[in-house]
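First the structure, in the form of structure tokens, and then the observations on it.
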Amino acid sequence: MKVSPEILNMTPYRPGKPISETQREYGLKTVYKLASNENPLGPSPKALAAVREALAHQHFYPDPSAYELLSVLSRVWNVPRECLSIGNGSDEIIDLLTRIYCEAHDSVLTSKAAFQAYQVSSVANRLKLRETALTKDWRFDLEAIADDFLSHPEQKIRLIFIANPNNPTGTHVTKSEMDKFFQRLGGRDDVLLVFDEAYNEFARAKDYASAMDYVGKVSNLVVLRTFSKAYGLAGFRVGALVAPKEVVEIYNRVRKPFNVNDLAQIAAAAAVEDTDFIRDSQKITWEGLDYFSKELDRLGLKHLPSQGNFVLFDTERDALKVYEALLRRGIIMRPVVNYGLPKHLRLSVGRPEENIAAIKALEEVLAEVPKS
Ligand SMILES: Cc1ncc(COP(=O)(O)O)c(C=O)c1O
């Protein structure tokens, strides 16, 4: 069958290797997966309790308007309900936005080393992807992004994706950078500014600000949130879109009515108010990051300060060899070759015993795999 050249040339998205697959392939009983930025505490207990109660009603279709979930989100996030919608993970929202707002061969603009879903969705939808260089400290360069947009009207850039904090770098853009960016590109009707805040709850830098504070003030701003990280609901697949009501209205026309199943809606509504759990998730994440930072320093490996629930570090070796040697020891980390980083690995924060095991295995592997 004929496949279009854009699709044939796509770099496939490589998800973190599942635990069961690693156990099978390496004949291991204990495997720790620190590869997909999941929540080491499991799902929010309030979400689990609500889901258990709802199991008996699953012969009904889900509420296509997600009334209950959007009511809770509207209250907790202080956003009008008509400015909210949901997706099957924020991944789905990213894909639908590219389909809705771009015509074939329009462009999507983001940064190098940005979350890979922007590239996958752009290319799969026959769009051109433009990437500006990172700053010297590996952050999105909002000034360069605005410059690129303004100086290339012929490229028909219709969407700009900013992951804040970004995955896999863990870096953020500052409030003052955002202010300047909105001064230059805010209010335009030819481009949507999409701030993907999957890791918002983990950001602790003093100069970090959520773009949610600008919703309603910047008319072409869209904010994405996910329930996969701080709320521990990655398997349920729920993401949220916060946007001007005209954008939400169009988005709802295109999304499938039952894109987020009933249990997922119920889980997300309970989780967003589970403040004890969110606090515990932050605590275990921040303690884990501090531990990794100290240990990576001790091992002499360069790493970036992270505002997410993971850290990106330089193995100074062929990272795939390090990754493979770690798998043999039952530790799954995440190679980032697909981001143009052949020597780096991304390590998600786990439970303390998992973090300790990961560092111990890494120390052994560094002695085994020569520097390159
Ligand atoms: C920056 C960023 N955005 C979005 C997502 C997608 O999250 P989900 O589709 O689970 O909501 C991820 C997942 O890792 C991410 O890192």
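Every number here is computed from the coordinates shown, using simple stated rules; none is lab data. These numbers come from a predicted model, not from an experiment. Glycine gets a Cβ as well: all are built from the backbone with ideal geometry, and neighbour counts include every protein chain shown.
Structural descriptor for the stretch 197-333: relative contact order 21 percent, calculated from alpha carbon pairs under 8 angstrom and at least 6 residues apart. Taking every alpha-carbon pair under 8 Å whose residues sit at least 6 apart, the chain reaches a relative contact order of 23 percent.
Peptides 221-232, 10-21 ranked from most to least packed by the mean count of surrounding Cβ atoms within 10 Å: 221-232, 10-21. Looking at the chain alone, DSSP beta bridges between its own residues are antiparallel in about 45 percent of cases. Over all Cα atoms in the chain, the spread is summed up by Rg and Dmax: 20.5, 57 Å.
Calculate, in whole percent, how much of the Cα-Cα pair population of the stretch 58-273 lies beyond 26 Å. It works out to 30 percent of all Cα pairs.
Net length available on complete extension from M10 to Y26 is 2.8 nm, with 0.36 nm assigned per residue and the Cα-Cα distance removed. Computed extension gain for E368 through D297, at 0.36 nm per residue and net of the alpha carbon distance, reaches 23.7 nm. Here D276 and K2 are evaluated by their C-beta separation; at R0 = 41 Å the FRET efficiency comes out at 0.15. Residues whose amide H comes within less than 5 Å of that of L159, counting only those at least five positions distant or on another chain, are L109, L192 (H built at 1.01 Å from N in the peptide plane).
Using 1/(1 + (r/R0)^6) with R0 = 41 angstrom and r between the beta carbons of T135 and H59, what's the FRET efficiency to the nearest 0.05?
For T135 and H59, the calculated efficiency is 0.20.
Report summary: the helix-based calculation at 222 nm, which adds -39500 (n - 2.57) for every DSSP H run with n ≥ 4 and divides by the residues of the chain, gives -12000 deg cm²/dmol. Net charge in the neighbourhood of F182 (other residues with Cβ under 12 Å of its Cβ; Lys, Arg +1, Asp, Glu -1) is +2. Compared with the alpha-carbon gap, the fully stretched path from Q183 to V254 is longer by 22.5 nm at 0.36 nm per residue. At what distance in angstrom do the alpha carbon centres of the stretch 62-110 and the stretch 239-318 lie from each other? Here the two parts' Cα centres lie 17 Å apart.
Going down the list K46/K256; K29/K321; K229/K343; K156/K229; K17/K360; K136/K321, which pairs span over 29 Å between their C-alpha atoms? Listed pairs above 29 Å: K156/K229. Beta bridges from DSSP with both residues in the stretch 58-273: antiparallel share about 30 percent, rounded to the nearest 5.
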